[in-house]
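Asker: First, the structure itself, so that you have it in front of you.
The values are calculated or read from the model by the stated rules, or taken from the named source; none is laboratory data. Worth saying up front: this structure is predicted, and the values here are computed from it rather than measured. Cβ: placed from backbone, ideal geometry, glycine included. Neighbour counts: every protein chain shown.
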Amino acid sequence: MFPKWFDKWNADNPTNIFGPAIAVGVAGSAVFLAAMIVGFGQPFPTESQQTGPRGTGMHVQEFVSDLAVYPDVEGFFTSEPVVPAEGAAMMGDAAGVPPALANLTPENYERLVTAMREWTGIPDLLAPGNDSYQTQVAWSMIEMTQNINQNWIGHVQANAEVGVTCYTCHRGQAVPNNVWFKVSPVNSNVAGWSANQNRVTMVSNFTSLPSDYLETYLLADENGNYANIGVHDLESRVQQQPGDPLIQQAERTYAFMNYFANSLGVNCVFCHNSRAFYDPGQVTPQWATASLGIAMVQETLEQYILPLQDVLPAERLGPVYADVPKLACRTCHQGEQQPLNGLNVIRNWPELAVLDGAPDYSAFE
């Protein structure tokens, strides 16, 4: 059919037509699949949570974990309380009993202590005759937990009854994950800004942002005041006024917001309208919950954590300034919008739900 010279040339110069054919086929299939997705929609859409008004595009993606269960949730130890009979004896001021648990019956006291040992991974916690620092810390932590559950309901029960227990932070470990220590000044030879930026630290989430934002915003100064969380003026050539945030405060604020995002596994629009970051009238309901959380952490540090400075042994103190380990958002949330994926940890533990008054066992009668 073809001239002899052409057949001879083809025989002497064989060509692999299968490789290009396969490449064209794969590319064509990819184009076809893309056209199908565009035309008929994503067959496996990503779930999202709407955080702002309709039409604003304010939503947070929700990714389904490959795990069948959340291990921390599965490990939560719980049991139902024993409803006290009328006139039942209470622990009172028995030796070794924390005052915050004096109004419990012996059965419920032992039940709670057993749970606390499981939650913290400390087998001899509150054991009779045990005067270790862990027992002294436990007394303070019990009151702290009761205070949070009673006086900060707007934060720990914003959407439903959830509450906190020792397990919320400890997760079976004597020292919770995601505690923090002071790191400032990073360079004592530098005054003012003290080279707090561009330092690779865990506190800065390994960014070039400042590392001192937690101690700046969550700890009170010598006068008992807290630093303002804010950014510099948006207008140019504005005369600086006393108290106005400088660029350093703005960068600390960005570092704090980055910490929020990493702690809860969310992005900016979880609390803010990305078209109007600086308009307080366009924030989401979660902004108010987060604001309560900041105030809650500030109070908790001041009343319950910092006073433990002289109680903890040297090996439990910070590596730089020998300060007490401190909590913040990530200590409880650990990457989830709600700690323990919203598990109601307080339901069976009315003993930890009130700071003042007797536990309410009416739901179990």
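Asker: I need the full set of residues from segment 326-359 which are surrounded by fewer than 17 Cβ atoms within 10 Å (Cβ to Cβ), part of a loop (DSSP other than H, G, I, E, B) and not acidic (Asp, Glu), in order please.
Answerer: Selection gives 335, 338, 344, 347, 355, 357, 358.
Asker: Test of understanding: among 21, 27, 88, 34, which residue is out of contact with any strand residue (DSSP E or B) (no Cβ under 7 Å at 6 or more places or on another chain), modelled with pLDDT of 70 or more and under 30 Å from residue 164 (Cα atoms)?
Answerer: Checking each option against the conditions leaves just 88.
Asker: Restricting attention to segment 314-344, which residues are more than 16 Å from the chain's Cα centre (by Cα) and charged (D, E, K, R)?
Answerer: 315, 316, 323
Asker: When you scan segment 256-284, how many residues do you find that are within 13 Å of residue 230 (Cβ to Cβ) and modelled with pLDDT of 90 or more?
Answerer: Total satisfying the criteria: 2.
Asker: Which ones in segment 326-344 are closer than 17 Å to residue 175 by Cα and charged (D, E, K, R)?
Answerer: 326, 330
Asker: So, one more: Could you run through segment 165-195 and say how many residues are modelled with pLDDT of 95 or more and over 30 Å from residue 142 (Cβ atoms)?
Answerer: 0
Asker: Determine the pairs where a residue that is closer than 14 Å to residue 165 by Cα, located within segment 111-128, has a partner that is charged (D, E, K, R) and buried (at least 21 other Cβ atoms within 10 Å of the Cβ) with Cβ atoms under 6 Å apart, the partner being 6 or more residues away or on another chain.
Answerer: Note: pairs meeting the criteria are 112/351.
Asker: Of everything in segment 131-154, what is modelled with pLDDT under 95, part of a loop (DSSP other than H, G, I, E, B) and not hydroxyl-bearing (Ser, Thr, Tyr)? Give them in sequence order.
Answerer: 131
Asker: Would a scan of segment 113-130 turn up a residue that is crowded, with 20+ Cβ neighbours inside 10 Å, in a helix (DSSP H, G or I) and touching an Asp or Glu at 6+ places or on another chain (Cβ under 8 Å)?
Answerer: Scanning segment 113-130, I find no residue that is crowded, with 20+ Cβ neighbours inside 10 Å, in a helix (DSSP H, G or I) and touching an Asp or Glu at 6+ places or on another chain (Cβ under 8 Å), so the answer is no.
Asker: Which members of segment 234-293 meet the condition of being among the polar types (S, T, N, Q), under 20 Å from residue 210 (Cβ atoms) and in a helix (DSSP H, G or I)?
Answerer: 248, 249, 253, 258, 262, 263
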